[in-house]
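Here is the structure we will look at, set down as structure tokens.
The values are calculated or read from the model by the stated rules, or taken from the named source; none is laboratory data. Since this is a predicted model, take the numbers as computed values, not measurements. Every residue, glycine as well, gets a Cβ built from its backbone with ideal geometry; the counts of neighbours run over all protein chains shown. Ligands, DNA and RNA are stripped out before the accessible areas are found, and what is left, the full protein with its side chains, is counted by its heavy atoms. Shrake-Rupley method; radii C 1.70, N 1.55, O 1.52, S 1.80 Å.
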Amino acid sequence: MHFRDLFSSSAQSLRRTKSRSALTMLGIVIGVMSVILVLSIGEAAERYILGQVSSLGSDIITVQNGADREETRDLPTAFIKEVLTIDDMRRLRAQSWVRDITAAVSQSDTLVANGQDNQVQVFGTTEDEIALYDAHVAQGFFLTREDVDARARVAVLGADIVTKSFGQESVLGRSVKIGTQSFRIIGVMERAGTRSFQNLDQNVYVPVTAAMDLYHKKYLSSISIRSSLPLTQAKRLIQQVVRDAHHIDKAQDDDVRVTTQEDAARSASDIANILQILLTSIASISLVVGGIGIMNIMYVAVTERTREIGLRKAIGAHERDILSQFLAEAVFLTTIGGILGVVTGIGLTWIAIRVINSFQGGWTFEVSTRGIVLGVLVSSAIGVLFGYAPARKAAALRPIDALRKE
């Protein structure tokens, strides 16, 4: 049987049972749609995460509480011992190879300004914050080292906070209340958008020492450093300075971890890939379910068309013709279902990215080529795989038995 005849015959056969064919394809459509949706959103999430991580700067080194598990070979734990102190930051700042350094303490809190309450992120930092992250002050001044050393109650507000609380009024020199203490406004930041998944325009910057007093903290959350040395060498020297300060002799006894943005990007990418594999595996289950549905429907079709099969074989049709006929119908169903699934998946991905962007800007729409190829190829393969057994059964029928079938 020629390919054109095979295609025409399969199309006519499926048109005779439109409702059943549509329901049979539905499982494949849902499966392919799910795979494309999951992979496309997963890749968009990976791009967003890597963009946020890279926005911190590729030459920044971060020191955080908690040992590096790869170095210590310890099991992960939910409890991280806090050890970083202001003295650690000052000791590192004294090193000749350190260009910029900040110490951080952050906490969500309520800021009362001009009679209005705002939920903000209070960010305790040092004078090098704007140099380290290339930030800019729109009005007034940023924190100074004297402010940090004096534990001064001064604050620099993000642009959104000023707009919400004061509108177009002048804010420099005015007081705001953070928690239980009053702070004097000395500056307003330029609009900066998001960085590391935080809306910087909702931040309130205060001296790290004042933040530690406000929230009764003895330890820092992290220390960030830009060095004049290559990253690998700088990491090694930072680890040695901290070990000396904490009286640690061996690397396996480290109580902090020192990472670069490259390390963070690699970890984020690994996590995103694992999640994509997991979600794709779950979505692929619907493809298998759809394949089983096709196999069952094809078995029903063989039973219903037994006399047709017997008649065709009686007038000279070979087994391979019958086998090709039923296989073609199965592949036709799954291929059309795969194409519809691709179109539906692309449409739903576009809608999903639009919805996500309405809550968190910075997501980009891009369809996963891998998802399209995987969806179409797998759906066609399912047609062959699950359609072969019914097609083989039809091809193996003896003409005399088939013609006797009522």
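The table below lists the values:
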read-out	value
Single match in 67, 44 (criterion: at pLDDT below 90 and either outside any helix (DSSP H, G or I) or exposed (fewer than 15 other Cβ atoms within 10 Å of the Cβ) (or both))	67
Residue ID - modelled with the highest pLDDT, chosen from residues in the stretch 306-339 that are open to solvent by 30 Å² or more (accessible area, probe 1.4 Å), closer than 17 Å to residue 20 by Cβ and not β-branched (Val, Ile, Thr)	332
Verdict on residue 263 being open to solvent by 80 Å² or more (accessible area, probe 1.4 Å), acidic (Asp, Glu), at pLDDT 70 or above and assigned to a helix (DSSP H, G or I)	no
Selection from the stretch 206-237 of residues that are out of contact with any Lys or Arg (no Cβ under 7 Å at 6 or more places or on another chain), of a type in the set (Val, Ile, Thr) and not in a strand (DSSP E or B)	208, 232
Answer residue from the stretch 358-373, given it is in a helix (DSSP H, G or I) and surrounded by 19 or more Cβ atoms within 10 Å (Cβ to Cβ) and is modelled with the highest pLDDT among those	372
Residue check, residue 142 assigned to a loop (DSSP other than H, G, I, E, B), open to solvent by less than 20 Å² (accessible area, probe 1.4 Å) and not β-branched (Val, Ile, Thr)	yes
Residue selected from the stretch 219-256 under the condition open to solvent by 70 Å² or more (accessible area, probe 1.4 Å) and charged (D, E, K, R), by the criterion nearest to residue 99 (Cα to Cα)	236
Among the candidates 378, 355, 342, residue that is surrounded by 16 or more Cβ atoms within 10 Å (Cβ to Cβ) and at pLDDT 80 or above	342
Every residue from the stretch 132-144 that is among the small types (Gly, Ala, Ser) and at pLDDT below 90	135
Qualifying positions in the stretch 107-121 - buried (at least 18 other Cβ atoms within 10 Å of the Cβ) and of a type in the set (Gly, Ala, Ser)	113
Count of residues meeting criterion [of a type in the set (Ser, Thr, Tyr) and open to solvent by less than 30 Å² (accessible area, probe 1.4 Å)] in the stretch 122-139	2
